[in-house]
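Here's the structure we're looking at; comments come further down.
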Amino acid sequence: MGPGQPGSGGTVLARGGFGCCAVPGGRWGFPVRDLIILGLLVVTVLWALKAPWIGIMGWTLVSLMSPHAEFGYAAAAWPVATGYAAATILGLLFTQERQNPLVGAGPKWLLAFTVWICITLPFSLLYEASFGLWERSMKIYLMVFVTLALLDTKKKLTVFIWINVIAIGYFGVKGGVFTIATGGSYRVWGPGGFIQGNNEIALAVLSVTPLLRFLQMQQTKRWAIHAFTGAMLLCVATALGTQSRGALVGLVCMGTFFWVKGNRKLLSGAVILAIALLALPMMPDTWWDRMETIKTYEQDDSALGRINAWGMAWNLAKDRIFGGGFMIWTGSIFAIYGPEPDRVHAAHSIYFQVMGEHGFIGLGLWMAIGAATWFAARDLIKLGRAHPEHKWAADLGPMIQVSMISYASAGAFLSLSYYDLPYNVMIMATVAQRLVRAAVRDAARAPARPQMAVPPAAPREQGGPAGQPPPPPRRHV
């Protein structure tokens with residue numbers, strides 16, 4: 001993240017923390033870092049052909065973080081995600097380490113939603129504009145099912161969680177350092193893609209913070225525990241530094257559920273209160289002025305635009321059972337369905353976005369994915385508590401739920417219905433539930449080990465220890 005375009009209240013943090021100039025020494029005109037990236041790509045893509053789950057890790061890292069664009073120069077334009085996807089799918093066809101991706105309620109609801117948006121596509125009001133967004137969503141959902149098919153061990157699931165945390169946590173730590181260094185005087189913006197805006201990067205960072213906490217609970221070394229604590233605090237600083245009102249709502253909800261799901265409520269409550277007392281006074285007047293507009297939304301043009309967009313989505317969904325397609329946030333659609341036709345605005349709500357684009361049926365299917373993920377996480381908590389050898393599941397379950405709360409609350413004001421991260425959280429809950437249930441079932445079916453019969457001890461005769469002949473009688477002279 002470096003200085004970029006100006007934003008309200010300060011400097012934008014854009015992609016390219018190491019600058020965009022070439023590093024001398026590259027052969028054939030390539031910067032050295034591009035050659036390093038190319039080497040890593042070649043190795044991992046070839047590795048993915050033999051071990052396709054490695055390709056899943058590469059795809060996930062690229063889809064969430066795009067490290068080739070963050071650290072590279074010419075590499076930023078390379079079709080890295082396509083390369084990982086192709087190698088992974090090809091490897092999937094030949095590997096024996098795969099399983100049914102539709103085990104669990106979450107994947108089934110996702111399949112139903114995927115079928116539904118294929119049905120709604122031909123009925124799109126603006127078909128050509130909608131097709132590109134539909135195609136992007138299909139690629140994401142395809143790789144979700146591929147991931148579900150390939151994550152068949154706890155080790156692979158743990159690496160998958162680490163990849164998600166690293167991809168988003170990197171920006172959380174970086175933005176937190178920037179916010180603290182500048183006293184919150186400049187607004188934090190995202191790197192690009194789905195999370196380019198300040199609101200979007202705040203949602204992503206808040207959603208991954210509970211997963212940081214899960215990984216922290218698996219650590220035993222004190223320095224690692226402290227490192228995770230610092231990373232979580234910096235993620236909170238990043239969320240505040242975005243100056244996003246949705247981020248504030250998400251922070252409050254996340255903090256509340258952290259406290260509810262925590263075991264030591266007195267200690268966790270004191271920590272949350274201390275963070276609030278230390279962080280909030282640090283924020284500048286521009287931050288407080290923006291947060292104050294939550295109470296005076298009727299005077300804020302952005303808030304009124306969102307409310308008008310929600311009204312348009314509601315009216316469209318009532319009129320068309322299939323919704324209006326992926327591209328409805330235009331003047332021509334607002335002219336028909338908008339309460340205020342001239343106030344055109346993006347959905348800025350994950351719920352109204354799906355409702356307007358795919359109707360009430362689409363919204364119901366999409367929310368069923370979240371409900372299934374929530375219940376899978378709850379099942380993890382029960383299984384982990386009932387079987388202490390799977391304590392990690394009892395740690396993961398509540399953190400998945402807190403992550404979902406962060407997404408659901410901050411997402412109420414953002415258009416991120418098709419963002420990869422919440423679907424990755426669904427994958428974590430589904431795969432973990434499948435692994436723990438299988439382990440518990442196998443343990444119950446395993447035959448009990450026969451116990452060795454211990455022969456009875458030889459009767460002791462008076463005067464001698466067990467197993468030894470009695471001493472000879474004494475002679476009296």
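The values are calculated or read from the model by the stated rules, or taken from the named source; none is laboratory data. Computed from a prediction, not measured in an experiment: that's the story for all the values here. Cβ atoms come from the backbone with ideal geometry, glycine included; neighbour counts cover every protein chain shown.
Can you run down the residue pairs with Cβ atoms below 6 Å, 6 or more apart or on separate chains, where the first is in the range 421-440 and crowded, with 19+ Cβ neighbours inside 10 Å and the partner is outside any helix (DSSP H, G or I) and not charged (D, E, K, R)?
Listed pairs, sorted by first residue: Thr430/Gly104; Val431/Leu151; Arg434/Val103.
Of all residues in the range 387-403, how many are of a type outside the set (D, E, K, R), without any contact (Cβ under 8 Å) to a residue 40 or more places away in the chain and surrounded by fewer than 24 Cβ atoms within 10 Å (Cβ to Cβ)?
2
Which members of the range 310-328 meet the condition of being farther than 12 Å from Val354 by Cα and either in a loop (DSSP other than H, G, I, E, B) or in contact with a strand residue (DSSP E or B) (Cβ under 6 Å, 6 or more places away or on another chain) (or both)?
Arg320, Ile321
Consider Val165 carefully, then state whether it is among the aliphatic types (A, V, I, L, M) and under 18 Å from the mean Cα position of the chain (by Cα).
When the stated conditions are applied, Val165 passes them.
Quick one: which of Gly176, Gly184 is outside any loop (DSSP other than H, G, I, E, B), in the same structural domain as Ala227 (by TED's automatic domain parsing), out of contact with any strand residue (DSSP E or B) (no Cβ under 7 Å at 6 or more places or on another chain) and modelled with pLDDT under 95?
Numbers: Gly184 fails: outside any loop (DSSP other than H, G, I, E, B).
Testing whether each residue is outside any loop (DSSP other than H, G, I, E, B), in the same structural domain as Ala227 (by TED's automatic domain parsing), out of contact with any strand residue (DSSP E or B) (no Cβ under 7 Å at 6 or more places or on another chain) and modelled with pLDDT under 95 leaves just Gly176.
Just to be sure I understand the filter: pairs with C-beta atoms under 8 Å, separated by 6 or more residues or on different chains, first member in the range 221-232 and free of Cβ contacts under 8 Å to residues at least 60 places away in the same chain, second member hydrophobic (A, V, I, L, M, F, W, C). Which pairs pass?
Once the first residue is free of Cβ contacts under 8 Å to residues at least 60 places away in the same chain and sits in the range 221-232, its partners that are hydrophobic (A, V, I, L, M, F, W, C) give Phe228/Leu212; Phe228/Leu215; Met232/Leu212.
Regarding the range 116-132, can at least one residue be identified that is in contact with a helix residue (DSSP H, G or I) (Cβ under 7 Å, 6 or more places away or on another chain), small (Gly, Ala, Ser) and under 18 Å from Asp420 (Cα atoms)?
no
Out of Ala69, Ala76, Ala86, I need the residue that is more than 21 Å from the chain's Cα centre (by Cα), under 20 Å from Phe171 (Cα atoms) and outside the structural domain of Gly169 (by TED's automatic domain parsing). Which one?
Values: Ala69 fails: more than 21 Å from the chain's Cα centre (by Cα); Ala86 fails: under 20 Å from Phe171 (Cα atoms).
From the options Ala69, Ala76, Ala86, the qualifying one is Ala76.
For the range 191-228, which residues satisfy the criterion of being part of a loop (DSSP other than H, G, I, E, B) and under 15 Å from Gly411 (Cβ atoms)?
Gly197
Which ones in the range 111-129 are more than 30 Å from Ile427 (Cβ to Cβ) and in a loop (DSSP other than H, G, I, E, B)?
If the condition is that a residue be more than 30 Å from Ile427 (Cβ to Cβ) and in a loop (DSSP other than H, G, I, E, B), then Leu125, Leu126 are the ones that fit.
Can you pull out every residue in the range 179-193 that is among the hydrophobic types (A, V, I, L, M, F, W, C) and surrounded by fewer than 22 Cβ atoms within 10 Å (Cβ to Cβ)?
Result: Ile180, Ala181.
Regarding Leu206, is this residue surrounded by 23 or more Cβ atoms within 10 Å (Cβ to Cβ) and either more than 27 Å from Gly72 (Cβ to Cβ) or at pLDDT below 90 (or both)? So that I can check it myself, show each step before the final result.
Values: surrounded by 23 or more Cβ atoms within 10 Å (Cβ to Cβ): yes; either more than 27 Å from Gly72 (Cβ to Cβ) or at pLDDT below 90 (or both): yes.
For Leu206, the condition - surrounded by 23 or more Cβ atoms within 10 Å (Cβ to Cβ) and either more than 27 Å from Gly72 (Cβ to Cβ) or at pLDDT below 90 (or both) - is met.
Would you pick out the residues in the range 331-358 that are touching a residue at least 60 places away in the same chain (Cβ under 8 Å) and under 24 Å from Ser409 (Cβ atoms)?
Answer for the range 331-358, where residues must be touching a residue at least 60 places away in the same chain (Cβ under 8 Å) and under 24 Å from Ser409 (Cβ atoms): Ala346, Ala347, His348, Ser349, Ile350, Tyr351, Gln353, Val354, Glu357, His358.
Can you name the residue in the range 333-352 that is over 20 Å from the mean Cα position of the chain (by Cα) and in a helix (DSSP H, G or I) and is also surrounded by the most Cβ atoms within 10 Å (Cβ to Cβ) among such residues?
Only one residue tops the list, namely Phe352.
Listed residues Glu97, Glu128; which is more than 18 Å from Trp53 (Cα to Cα) and acidic (Asp, Glu)?
Of Glu97, Glu128, the one residue that is more than 18 Å from Trp53 (Cα to Cα) and acidic (Asp, Glu) is Glu128.
For Ser268, are the conditions met, namely being part of a helix (DSSP H, G or I), polar (S, T, N, Q) and modelled with pLDDT of 90 or more?
So Ser268 does not fit the description; no.
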